[in-house]
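The values are calculated or read from the model by the stated rules, or taken from the named source; none is laboratory data. Just so it is clear, the model here is predicted, and its values are computed rather than measured. Backbone-built Cβ (ideal geometry, glycine too); neighbour counts: all protein chains shown.
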Amino acid sequence: MRLAVFLPNWIGDVVMATPALRALRKLVGDEGQLIGVLRPYVSETLAGTTWLDEEILYKPGAKSGDWKPSTATAKLRAANPDVVVLLTNSLRTGWMAWRSGAKVRVGTARDLRGLLITHRVDEPKKNGKRVTLPAIDAYLRVAYAAGCGLESPQLELATTDEDREAADAVWRVLGLPATDRVVVFNSGGAFGAAKHWPAEHFAALARRLAQKKDLHVLVNCGPAERKIARTVAQLADDSRVVSLADFDVPLGLTKECIRRSRLLVTTDSGPRFFGVAFGKPVVSLFGPTSPGITETHYDLETPLTLDLDCQPCMKGACPLGHHQCMRDLSVGQVYHAVVAGLDRSKSAAA
């Protein structure tokens, strides 16, 4: 079997799709071929894993080059897949799947895209309204419709030799100790400022962990979040609190730093799922989004939310202007969840 799979567009979503990927790999077997159709940064997220035999990269806005959607569609057609599985919901990817020539096209039947799909996965409804499943379960549901057997919802990732060498350099330059004494903070996210926990809160938490638990804190950041990371380290005013702000920060480095850490404190953003995939205790801070939509089925994750009347608004910026859902999530609440997570990591290690 030659099976092509369209992967989700967001970093966190593609990690939540790894159980479905694992199931699809088992479906095609060692003799078959699994082809991923994905965005370039999604490829970075999956680097080090071995499920995909081939990758076809595309970027919707690309006007020329190999990432142009029409070029990717031509490559997909040339690959001559028997089956196309869509873990995306867009009309664009439905059209690309139809253009591939595959006789079997499996995906959720939303809006006009249902006309382009041969095996439609109807979304569950209750009282006539669509029910939003946790993303992991929704992706697995599509995989099951393609013929996969039951699969664990456990998330899974890997790192490369290059990632490990980059993290070794970070540990050396910043003077970080053994990994069981390093906690990683992830303070940003591409969704928007509404997901951010205040930098002064992160700094106070880092200082408390350094002074009360003698832990080191490494503040992760993407290229657009360097200022936040620097601010957290500066406000903490403790030599044990450092950041990645002055380093090149590819996704692989973030993955490896989280993989070798003791615990992750994170906003509801892509690196949150790295912690889950690498089996680390994770304390996740929720403001405008709902823990239920991205439920990870993971015992070592502690989701924290205030459950205000205005939550979840699902907005990139607070529509009420006060950002109370994150500002009022206190340092004390998060600190106690972190301490509990550290104790659980000890028990798990034992």
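I'd like to check which helices (runs of 4 or more DSSP H) are fully inside segment 6-87 and have at least 2 residues that are under 20 Å from CYS148 (Cβ atoms), modelled with pLDDT of 95 or more and of a type in the set (Gly, Ala, Ser).
Output list reads 18-28.
Yes or no: ASP246 of a type in the set (Asp, Glu) and either more than 14 Å from the chain's Cα centre (by Cα) or surrounded by fewer than 21 Cβ atoms within 10 Å (Cβ to Cβ) (or both)? Can you show your working first?
On the way: of a type in the set (Asp, Glu): yes; either more than 14 Å from the chain's Cα centre (by Cα) or surrounded by fewer than 21 Cβ atoms within 10 Å (Cβ to Cβ) (or both): yes.
Judged against the criteria, ASP246 is a match.
Which one is surrounded by the fewest Cβ atoms within 10 Å (Cβ to Cβ) among residues in segment 24-46 that are under 14 Å from LEU157 (Cβ atoms) and touching a Pro at 6+ places or on another chain (Cβ under 9 Å)?
Here the residue is GLU44.
Name the residues in segment 52-80 that are closer than 20 Å to ARG105 by Cβ, surrounded by 16 or more Cβ atoms within 10 Å (Cβ to Cβ) and touching a helix residue (DSSP H, G or I) at 6+ places or on another chain (Cβ under 9 Å), would you?
Once the filter is applied, which keeps residues that are closer than 20 Å to ARG105 by Cβ, surrounded by 16 or more Cβ atoms within 10 Å (Cβ to Cβ) and touching a helix residue (DSSP H, G or I) at 6+ places or on another chain (Cβ under 9 Å), segment 52-80 yields LEU52, ILE56, TYR58, PRO69, ALA72, THR73, LEU76.
Any chance segment 333-340 includes a residue that's surrounded by fewer than 17 Cβ atoms within 10 Å (Cβ to Cβ), over 14 Å from LYS195 (Cα atoms) and in contact (Cβ under 8 Å) with a residue 40 or more places away in the chain?
yes
Tell me the residue from PHE191, PHE274, PHE286 that is in contact with a Ser or Thr (Cβ under 7 Å, 6 or more places away or on another chain) and at pLDDT 95 or above, please.
PHE274
Would a scan of segment 72-85 turn up a residue that is touching a Lys or Arg at 6+ places or on another chain (Cβ under 7 Å) and either in the same structural domain as PRO271 (by TED's automatic domain parsing) or without any contact (Cβ under 8 Å) to a residue 12 or more places away in the chain (or both)?
no
Provide a single number: the residues in segment 301-329 that are assigned to a loop (DSSP other than H, G, I, E, B) and free of Cβ contacts under 8 Å to residues at least 40 places away in the same chain.
14
Scanning segment 299-330 for residues that are modelled with pLDDT of 85 or more and within 21 Å of the chain's Cα centre (by Cα), which turns out surrounded by the fewest Cβ atoms within 10 Å (Cβ to Cβ)?
Here the residue is ASP299.
Can you tell me which residue among PRO153, PRO134 is surrounded by 14 or more Cβ atoms within 10 Å (Cβ to Cβ), touching a His at 6+ places or on another chain (Cβ under 8 Å) and either more than 23 Å from VAL282 (Cα to Cα) or at pLDDT below 95 (or both)?
One residue alone meets the criteria, PRO134.
Checking GLN333 against (1) assigned to a loop (DSSP other than H, G, I, E, B); (2) over 21 Å from the mean Cα position of the chain (by Cα), which test does it fail?
Tallying (1) assigned to a loop (DSSP other than H, G, I, E, B); (2) over 21 Å from the mean Cα position of the chain (by Cα), GLN333 fails exactly one: (1).
Is it the case, given these coordinates, that ARG92 is part of a strand (DSSP E or B) and under 20 Å from ALA78 (Cα atoms)?
For ARG92, the condition - part of a strand (DSSP E or B) and under 20 Å from ALA78 (Cα atoms) - is not met.
What pairs come up if the first residue lies in segment 221-235 and is under 13 Å from VAL249 (Cβ atoms), the second is basic (Lys, Arg), and their beta carbons are under 9 Å apart, counting only those six or more places apart or on different chains?
Listed by first residue and then by second, the contacts come to CYS221/LYS227; CYS221/ARG230.
Among the candidates ARG208, ARG181, ARG240, single out the residue that is crowded, with 17+ Cβ neighbours inside 10 Å, of a type outside the set (Ser, Thr, Tyr) and touching a strand residue (DSSP E or B) at 6+ places or on another chain (Cβ under 9 Å).
ARG240
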